[in-house]
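Visitor: Shown below is the structure under consideration.
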Amino acid sequence: MTSPLPPHSQAFLVGVSSYDHVDLPPIQPALNSLKAMDALLTDPGLGRWPRNRVETVQDPPLWIDLALRFKETARRTTGVLLLYYVGHGVIAHNGSLCLTVRGTRPDEPRITGLAWEHVAEAFTASPARVKIAILDCCFAGRAIESLSGNQVGPLEVKGVYTLTATSANRTAHTPADNGACTSFTGTLRDLLHEGIPSGRTELTFADLYPLLEARLREKGLPLPNQCNTATAADFPLTLNRSVAPARPPAVDTAEEPDDRDGARAAHIARLLDQTLKIASDLGAYGPVAPLVVAADPEQTQTVRDGLARCGSPDANALPLAAMSAALAGNDDDLAEALAADVERHFHDGHGRPSSVAMAAVAGVLLAHDGERAMRLVDHLVRIGRDADGEPTRRRAEALAAASRVFAAVDLDKSGALAKEAEALYLADPYLPLDTQTQVLQAIAFTRPGQAAGLADAIFLDFSSIVAGADQLAIVARRFPSEAMTVAQHGDPSPFKPAALARVAGALPEADRPLRPGERLEVVYPRVYNLFKDAQAAVDGIADPEAKVRAAAEVIPAFARYQSDSARKLYRTYMGTVAEIRDPDARARAMSVYQTALASIAGGMTGTDLEGAIRLARSIPDLRARALALASVAKELAAGRLDPDRGRRER
């Protein structure tokens, strides 16, 4: 009789086989061991873990990224939490264990490696019923001392089992054969493959440990160590192959349909379910709203209900506008209903959010329903010219919003409306800074020099104005030269990369991702030059936090053309995150930076569906993960799946 794996269980497998520092030699057997452990857990005739319950991390570059990923996994696991690590283990100056990552320096392990106490804290905070740590590294026994309270403090939970390859002061053994596993994991693998003729259908750690120790002793290898609290050692790791018949692992999702359309629909449904679950948990539907409805318009009411539960009408105006924009041209009736919601809110007299939302809706509807778009813009203009009934602030914002919409179709009309907004701006020196910024954004489309001069007078960076103008990408599609002029105007600043990236990502000639073998500089030379300028602007930023935030603006635009190159760029600037000294600032920057992965995952969908989904699910920050899941779903719904190269999710 076999027992099912408890629901909401998760295995987190980490293997580090290559290192940047010369004093940490590569360990090819570590990679082999990682693959072996993954295969053991998911083997249909042996393992008890469904594929989607095993997360594998190979050669993580930075400890903070790994720590955040594991902490998030531990936080949401309520069944069994299993951690496996294989790689170099080093001792810090204070005698504690540090798990290495690719970027670890052996002379500064606590700064550049994953200190075990961070892992212990994640175990402590996890609601998992059973918690298991398997460590295949040198000095792994120090983790047992930590968990038992001899160093960092006791882990005040029941049901914790720790299995280590060595004691606190012994190194682990790695064979010279690069095709082999490490000695510890290899012996454990062989034992599990053979099974134990005990009559039991499952193998627990209590069953395995005596035989594992005996086999390692017979070979003259370092002896393992273990620590158990409550009944965690009785958790069955695998089936007992000497007794149990082969069977497929228990899964918590239905079989995927064989037909391509059915498979695509199943993928989309699962991705959106995961996205909406995160949005509900966070109480934040706004960021993912347009992606969800673009992937599945039938989810519109679900998203609207979520917005109503979690946000105010003011806060929801922009998400509703973005949803309408996403649906325009696909479901115009639904887009119109959403636009009507925003318009009613606008008529109710709620200032700025409605002006910006109406401009966003009108800007997108121009391509599909010019008459409705012009009605919205005319309404903005009427408010802007109502000198008797409207305050100056609202008039200036409405005219600026109308000007930004017209910038996409008629620069002369845009310039005239911007001059009207500018007159209100100059007549009232006490307008809020946010209102002034909106007016300057409108002026920048036709008179960037004037906008820059006005920005200098109130100590605003011109590029910060342009970077915040979502309409810049829309203008670039119709008037690319003018948009490029605006983006390149002004001195270098932390905001300039964003402006350049917005234009690069929207140029009309660059209407598709690159095909294999194509080079960006050959196919889209203007895009390539803008990206070169944007990356140079990022590299010129001295402050690490500002550099990370700027990179987070550039990478998503780049991912539209080359997701692989965008991912390499992401890794390039990951090292900058570690340079941020303040822990709170570093965490904030990391949260922002991870949103760039959403675009990378979306860009990967057409050529590597499995990789895109795996990347999306692995993002530690929940908001960024939800964006990534929804991005993949949106790309799938748009049909951006190459059947010859796109791989199915396992």
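The values are calculated or read from the model by the stated rules, or taken from the named source; none is laboratory data. Since the model is a prediction, treat every value here as computed from it, not as a measurement. In this analysis, Cβ positions are derived from the backbone assuming ideal geometry, glycine residues included, and neighbour counts consider all displayed protein chains. Protein only, heavy atoms only, side chains kept; ligands, DNA and RNA dropped before computing areas. Shrake-Rupley method; radii C 1.70, N 1.55, O 1.52, S 1.80 Å.
Visitor: Given the -39500 (n - 2.57) contribution per DSSP H run of 4+ residues, what per-residue ellipticity at 222 nm results for the chain, rounded to the nearest 500 deg cm²/dmol?
Guide: Calculated at 222 nm, the ellipticity per residue is -17500 deg cm²/dmol.
Visitor: Now for a different question. Could you calculate the FRET efficiency of Asn94 with Gln58 from 1/(1 + (r/R0)^6), where r is the beta carbon distance between them and R0 is 35 Å, rounded to 0.05?
Guide: E between Asn94 and Gln58, to the nearest 0.05, is 0.75.
Visitor: Report, by chain and number, residues whose modeled amide H sits under 5 Å from the one on Leu237, excluding near sequence neighbours (fewer than 5 apart, same chain).
Guide: Sorted by chain and number, the residues that satisfy this are Leu203, Thr204, Phe205.
Visitor: At a probe size of 1.4 Å, how large is the accessible area of Lys547, to the nearest 10 Å²?
Guide: Rounded to the nearest 10, the figure is 40 Å².
Visitor: Simple spin-label model, 7 Å along Cα-to-Cβ: Asp434 to Asp190 in nm?
Guide: Spacing of the two 7 Å Cα→Cβ label points: 6.8 nm.
Visitor: Return one number: the angle in degrees, 0 to 90 and rounded to the nearest 10, between the long axis of the Cα atoms of helix 260-282 and the longest principal axis of the Cα atoms of the chain.
Guide: 80
Visitor: Moving to a separate point now. To test your reading of the geometry: what angle, between 0 and 90 degrees and rounded to tens, separates the Cα axis of helix 63-76 from the longest principal axis of the chain?
Guide: Relative to the chain, helix 63-76 is tipped by roughly 80 degrees.
Visitor: Restricting to the chain, compute how many DSSP beta bridges are antiparallel as a %, nearest 5.
Guide: Of all bridge pairs located within the chain, approximately 35 percent are antiparallel.
Visitor: Can you give me the C-alpha center-to-center distance between the range 15-33 and the range 587-618, rounded to a whole angstrom?
Guide: Centre-to-centre distance over Cα atoms comes out at 25 Å.
Visitor: Using a 1.4 angstrom probe and counting only protein chains, how large is the accessible area of Tyr285 in Å², to 10?
Guide: Counting only protein heavy atoms, Tyr285 exposes about 10 Å² to solvent.
Visitor: Could you pull out the pairs from Lys35/Lys547; Lys277/Lys634; Lys71/Lys532; Lys35/Lys219 whose alpha carbons sit more than 25 Å apart here?
Guide: Lys35/Lys547; Lys71/Lys532
Visitor: Over the range 10-239, what percent of the accessible surface lies on carbon and sulfur atoms, probe 1.4 Å?
Guide: 51
Visitor: Say the dipole of the chain comes from +1 at the beta carbon of Lys and Arg and -1 at that of Asp and Glu; which of Ile134, Ala546, Ala457 then lies farthest toward its positive end?
Guide: Of the options given, the answer is Ile134.
Visitor: Any chance you could look up the accessible area of Arg614 with a 1.4 Å probe, heavy atoms only, rounded to 10 Å²?
Guide: Taking all protein chains as shown, Arg614 has close to 120 Å².
Visitor: Explain nothing, just the number: dipole magnitude of the chain about its Cα centre with +1 on each Lys and Arg Cβ and -1 on each Asp and Glu Cβ, in debye rounded to the nearest 20.
Guide: For this selection, approximately 1180 debye.
Visitor: Arg105 versus Arg515, label points 7 Å from Cα toward the beta carbon: distance in nm?
Guide: 4.7
Visitor: Next up: Between Arg51 and Arg382, what length comes free when the chain is fully extended (0.36 nm per residue of separation minus the Cα-Cα distance, one decimal in nm)?
Guide: Length gained, Arg51 through Arg382: 113.3 nm.
Visitor: Name the long-range amide H neighbours of Ala133: under 5 Å, sequence gap of 5 or more, or other chain; modelled H, no Pro or chain starts.
Guide: Close amide H contacts, sequence-distant or interchain: Leu83, Tyr161, Thr162, Leu163.
Visitor: For Cα Rg over 2.2 N^0.38 Å, the choices are (1) 1.30; (2) 1.59; (3) 1.09; which was calculated from the structure?
Guide: Computed from these coordinates, Cα Rg over 2.2 N^0.38 Å corresponds to label (3).
Visitor: Hey, for a label at Asp20 modelled as a point 7 Å past Cα toward Cβ, could you say which residues of the range 533-573 have their backbone N under 11 Å away?
Guide: 571-573
Visitor: Quick check: from the Cα gyration tensor, does the range 483-623 come out rounded (a/c under 1.5), prolate or oblate?
Guide: Oblate, since a/c reaches 1.5 and b/c is not below a/b.
Visitor: How far, in degrees from 0 to 90, does helix 583-594 lean away from the longest principal axis of the Cα atoms of the chain, to the nearest 10?
Guide: Between the helix axis and the principal axis of the chain, the angle is about 80 degrees.
Visitor: Oh, and also: With label points built 7 Å along Cα→Cβ from the Cα atoms of Asp410 and Asn178, find their separation and express it in nm.
Guide: 6.8
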